[in-house]
Amino acid sequence: MRHLHTSAFTSHPISRMTKLSVNLNKVALLRNSRAIGIPSVVRAAELCISAGAHGITVHPRPDERHIRASDVRDLAALLRGHPGIELNVEGNPFPEFMALVADVRPHQVTLVPDAPGAVTSDHGWQLAESASRLAPLIAELASEGSRVSLFMDVDSDEWALAKELGAARVELYTEPYAAAHARGDSSSALAQCIQAATAATSAGLGVNAGHDLNLLNLPDFRRVPNILEVSIGHALIADALERGLPATVRAYLAALQ
């Protein structure tokens, strides 16, 4: 399959070009609770695209408890008819995952160090420990035409190593910021995100972000500079139960501006 191709609060605001990639894992989770094929992951992607989303994210796990390999292939086929809409496939680079992305060749592959049974991603890479494993896999993915992003904690100091290993981008793990924001005490966590994004950019990396971002915490998160893309799933799908999916995508796009 072909390629789809100083103070925290004085920082520059989030780029106007920040893109929204909608994570559809929870649509697949609901679909998998019955054997009748609804809701359709592909239809959900079509609705997101029609509402202005810039990309679709999926995170297939080995047990296929939500997104299945067949979903990834179906979404790749859909997006061949939507030039400019990116497919981002996340996952730990186990052999089955690498075989799937080699077949699909998404625009972006985000490598995440989660265990097979993890409920959700909850930490970033420790690159010094994983460099020998990751370097050839990153090179393989890049040779297949996919942009590689590494899921990273915001307190990491390994941005230069990420670049050295061949990554084009990093994705900042934003759950600590989201949790602090929910407590009403996010200034320190936000400052850490700003510092991480600045350091990653200085190392020559593009910067994405994701995990527990929502309509309440995105306005403050816009202070983080140089964010190219946010991927949002759980909160967006939850909001869609009240607002409808197209209206919710438009609300998240507005929150990014």
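The values are calculated or read from the model by the stated rules, or taken from the named source; none is laboratory data. Bear in mind that the values here come from a model prediction, so they are computed numbers and not experimental data. Please note: Cβ atoms are built from the backbone with ideal geometry, for glycine as well, and neighbour counts cover all protein chains shown.
Points worth noting:
- Looking across segment 161-175, the residues that are under 12 Å from Arg147 (Cα atoms) and among the small types (Gly, Ala, Ser) come down to Gly166, Ala167, Ala168.
- Qualifying positions in segment 52-95 - in contact with a strand residue (DSSP E or B) (Cβ under 9 Å, 6 or more places away or on another chain), more than 21 Å from Met17 (Cα to Cα) and polar (S, T, N, Q): Asn92
- Test: residue in segment 195-207 that is at pLDDT 95 or above, surrounded by 18 or more Cβ atoms within 10 Å (Cβ to Cβ), part of a helix (DSSP H, G or I) and not small (Gly, Ala, Ser): no
- Which listed residue, of Arg80, Arg105, Arg65, is surrounded by fewer than 22 Cβ atoms within 10 Å (Cβ to Cβ) and at positive phi: Arg105
- Figure legend. Inter-residue proximity from segment 230-257: first residues part of a helix (DSSP H, G or I) and at pLDDT 95 or above, second residues surrounded by 19 or more Cβ atoms within 10 Å (Cβ to Cβ) and of a type in the set (Phe, Trp, Tyr), beta-carbon distance below 7 Å, spacing 6+ or different chains. Indicated pairs: Leu236/Tyr252.
- Summed over segment 210-229, the residues that are surrounded by 21 or more Cβ atoms within 10 Å (Cβ to Cβ) and not in a loop (DSSP other than H, G, I, E, B) give a count of 5.
- The helices (runs of 4 or more DSSP H) located wholly in segment 27-104 that include 3 or more residues which are among the aliphatic types (A, V, I, L, M) and either closer than 14 Å to Ile237 by Cβ or under 16 Å from the mean Cα position of the chain (by Cα) (or both) occupy 41-50.
- Criterion (of a type in the set (S, T, N, Q), at pLDDT below 95, surrounded by fewer than 22 Cβ atoms within 10 Å (Cβ to Cβ) and touching a helix residue (DSSP H, G or I) at 6+ places or on another chain (Cβ under 7 Å)) met by exactly one of Ser50, Ser11, Ser7: Ser11
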